[in-house]
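S.K.: Pasting in a structure now, in structure tokens, and then I'll have a few things to ask.
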Ligand SMILES: [Fe+2]
């Protein structure tokens with residue numbers, strides 16, 4: 001059923017029954033919601049809910065811990081968007097760690113949607129068990145044979161309830177404009193992003209006046225170009241590799257990166273960097289010197305994983321050191337289980353909604369790691385739609401690449417730390 005027709009019928013039903021609230025809704029007008037709620041900034045004991053509306057009337061979120069009776073109200077701030085809608089933003093505070101909450105959107109003393117959404121509050125800093133997903137290059141229009149709908153469906157059907165997702169750039173094609181966000185991205189994740197917060201970084205296709213587009217679609221930490229956040233025992237760092245892979249505002253960003261790595265919270269077991277462009281690669285994309293220049297920093301500070309998009313395929317590299325050299329002892333590890341790795345693993349997962357050789361990216365691609373300019377670099381390569389699911393269990397981190405249509409596991413690897421209390425060395 002057409003979504004707007006459904007919402008209109010829902011409003012009519014409410015007006016007829018008054019079933020959700022003692023006060024009947026003011027009118028039987030169609031729901032003004034033009035973008036379903038999506039979660040941002042799930043940090044410490046708070047979380048931000050954003051949505052878009054056709055009107056600017058006062059609205060609110062009503063939420064409660066699952067299993068409890070009383071609703072708490074969080075009023076929304078509003079601002080006009082460039083597309084003539086209203087962005088609504090409500091911040092929920094004082095959440096209990098790792099607890100499941102439910103919420104509804106309300107306006108004029110009536111629910112705005114038939115849905116009651118759920119989310120899991122951020123876990124405590126001492127909690128070390130959760131799942132997250134990672135993928136890039138998503139919002140290619142359906143008209144040009146992009147598949148954001150497949151990714152949206154896969155995430156909704158996943159056996160795992162992901163606590164959060166990271167999006168490695170090229171969120172919306174062709175050039176990251178606000179006017180394309182709903183059709184090319186949000187609509188395909190409707191309902192899912194209402195339950196799972198995501199953290200995007202800028203890709204080259206998003207690099208179109210980001211202050212006027214990307215930053216008006218998302219609410220992110222720090223300066224939104226580059227930022228970090230903590231979730232349990234994992235420190236996440238999102239970087240802006242710029243329009244050309246040369247790293248936005250290079251000097252300042254790199255200094256910030258070093259400072260951030262030097263001040264990770266105690267209890268950090270894992271450090272994961274995500275950005276759009278690849279460093280070394282055996283895909284059809286060139287190596288990016290700007291990203292490779294960060295490798296010594298990654299090694300010196302004990303970064304574990306570097307996740308990127310850009311190439312529309314899936315490729316996991318063998319562990320490397322700061323010089324970008326493959327760590328030879330691990331080449332023969334056919335189990336893909338790595339204990340106390342001294343280097344880092346770099347993975348391309350730019351297979352979220354655009355695939356090399358399909359639609360608007362028609363150039364044929366036949367990955368052949370043996371012909372790569374970097375011998376022994378590739379541990380696994382799969383040319384299909386895929387996303388990464390990652391499972392954190394204390395000092396064990398397992399990654400699985402899922403085929404987006406079938407959810408078949410294409411690739412699996414595990415990192416294990418057996419060291420002392422604190423796995424990372426803080427290097428000034
Ligand atoms: Fe890209």
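Just so it is clear, none of the values below were taken in a lab; they were calculated from the coordinates. Worth saying up front: this structure is predicted, and the values here are computed from it rather than measured. Cβ sites come from the backbone with ideal geometry, for glycine too, and all protein chains shown count toward neighbours.
S.K.: On a 0 to 90 degree scale, rounded to 10, what angle separates helix 148-157 from the longest Cα axis of the chain?
M.R.: The helix 148-157 is inclined about 80 degrees to the chain.
S.K.: How far apart, in nm, are two points set 7 Å out from the Cα along the Cα-to-Cβ line at residue 57 and at residue 73?
M.R.: About 1.5 nm separates the two model spin labels.
S.K.: Still on this model: With only alpha-carbon atoms counted, please give the Rg and Dmax of segment 216-264, in Å.
M.R.: 11.4, 33
S.K.: Express the relative contact order of segment 340-412 as a whole percentage, based on alpha carbon pairs under 8 Å and six or more residues apart in sequence.
M.R.: Relative contact order for segment 340-412 comes out at 21 percent.
S.K.: Assuming a viscosity of 0.890 mPa s and a temperature of 25 °C, what translational diffusion coefficient in µm² per second does Stokes-Einstein assign to segment 107-188, Rh being the Kirkwood radius over Cα pairs?
M.R.: 163
S.K.: Right, next: For residue 45 and residue 215 in the same chain, what is the full-extension length gain: residue separation times 0.36 nm, less their Cα-Cα distance, in nm?
M.R.: This chain segment gains 58.9 nm when fully extended.
S.K.: Then there's this: Cα-Cα pairs above 23 Å in segment 305-424: how many percent?
M.R.: Looking at segment 305-424, the distances longer than 23 Å represent 33 percent of pairs.
S.K.: Right, another one. Between residue 331 and residue 409, how high is the FRET efficiency from 1/(1 + (r/R0)^6) when r is the Cβ-Cβ distance and R₀ = 22 Å? Nearest 0.05.
M.R.: According to the calculation, E is roughly 0.45.
S.K.: How far, in degrees from 0 to 90, does helix 3-17 lean away from the longest principal axis of the Cα atoms of the chain, to the nearest 10?
M.R.: Here the helix axis deviates by roughly 40 degrees.
S.K.: Over the Cα atoms of segment 162-273, each weighted equally, I'd like the Debye log10 I(q)/I(0) at q = 0.12, 0.19, 0.21 Å⁻¹, rounded to two decimals.
M.R.: For segment 162-273, the Cα-only Debye profile gives -0.44, -1.03, -1.19.
S.K.: Beyond 33 Å, what share of the Cα-Cα pairs of the chain remains, rounded to the nearest whole percent?
M.R.: The answer is 33 percent, as a whole percent.
S.K.: Kindly provide the pair-distance distribution of segment 207-335 built from C-alpha pairs, with 5 Å bins from 0 and whole-percent values in order of increasing distance.
M.R.: 2, 9, 19, 22, 20, 16, 8, 2, 1, 0
S.K.: Using the per-residue mean of other Cβ atoms lying within 10 Å as a proxy for protection, in what order, highest first, do the peptides 194-201, 41-48 fall?
M.R.: For the peptides 194-201, 41-48, the packing ranking is 194-201, 41-48.
S.K.: If the viscosity is 1.567 mPa s and the temperature 4 °C, what Stokes-Einstein diffusion coefficient in µm²/s follows for segment 57-112 when Rh is the Kirkwood radius over Cα pairs?
M.R.: Estimated via Stokes-Einstein, D reaches 104 µm²/s.
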